[in-house]
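Data block below; observations after.
The values are calculated or read from the model by the stated rules, or taken from the named source; none is laboratory data. These numbers were taken from a predicted model, which means no experiment stands behind them. No Cβ is skipped: glycine too gets one built from the backbone with ideal geometry, and neighbour counts run over all protein chains shown. Just so you know, the surface numbers come from the protein's heavy atoms only, side chains and all, with ligands and any DNA or RNA stripped out. Shrake-Rupley method; radii C 1.70, N 1.55, O 1.52, S 1.80 Å.
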Amino acid sequence: MSIVGLFFYLFAFVLLASAFMVIAARNPVHSVLFLILAFVNAAGLFLILGAEFLAMILVVVYVGAVAVLFLFVVMMLDVDFAELRQGFMQYLPVGAMVGLIFLVELLLVVGAWVTAPNINAAIKAPIPPLSQATNTEAIGLVLYTTYIHYFQLAGIVLLVAMIGAIVLTLRHKPNVKRQNIAAQIARTPADSVEVRKVKSGRGL
């Protein structure tokens, strides 16, 4: 067995084990840590396949942002997960149906790979103008030339979703004083200053 095959089996075994522990661990913090371990091993598999850009994105985006964000949210909110698990049996049929669909899709992918061995070579065939470019350079050239409109559209959809999430979750407390910049700019001396004549020897 070559050193590449050894690392493949090592990364694959740790990935499967950590993915199972994500759903099997009782402590949610441990689940997030196992999820980070799964992401790192998946990045190792991408490196073996020669997709260094996907490996870097997996570590930087998912491990460095998403998984760490999950970890901080779980640790700071102190959610009562025992209460959340009370309705587990109610959603079990829906979860089983989704899992069955995923299983069928995986079987179809594996079946197509076994019945059509030439598909692997077709996937690896480079685009003719980009055959001399590196992996990351080829992805950038294709993404920002051929698929630039889809890329910009995806950015607009994500921006709208972010604004919608902020609007839906924003709650103003009734007894909190807030700054109104427009009202401050529109103020005049007549609105701000009150002149009173005070007689000598008397206060206001």
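Would it be correct to say that residue 172 is of a type outside the set (Asp, Glu), in a loop (DSSP other than H, G, I, E, B) and either over 20 Å from residue 54 (Cβ atoms) or at pLDDT below 70 (or both)?
yes
Could you please find all residues in segment 16-39 being assigned to a helix (DSSP H, G or I), farther than 14 Å from residue 71 by Cβ and open to solvent by 40 Å² or more (accessible area, probe 1.4 Å)?
Once the filter is applied, which keeps residues that are assigned to a helix (DSSP H, G or I), farther than 14 Å from residue 71 by Cβ and open to solvent by 40 Å² or more (accessible area, probe 1.4 Å), segment 16-39 yields 16, 17, 19, 20, 21, 23, 24.
Is at least one residue of segment 129-146 open to solvent by 90 Å² or more (accessible area, probe 1.4 Å), part of a helix (DSSP H, G or I), at pLDDT 65 or above and out of contact with any helix residue (DSSP H, G or I) (no Cβ under 6 Å at 6 or more places or on another chain)?
Checking segment 129-146: at least one residue is open to solvent by 90 Å² or more (accessible area, probe 1.4 Å), part of a helix (DSSP H, G or I), at pLDDT 65 or above and out of contact with any helix residue (DSSP H, G or I) (no Cβ under 6 Å at 6 or more places or on another chain).
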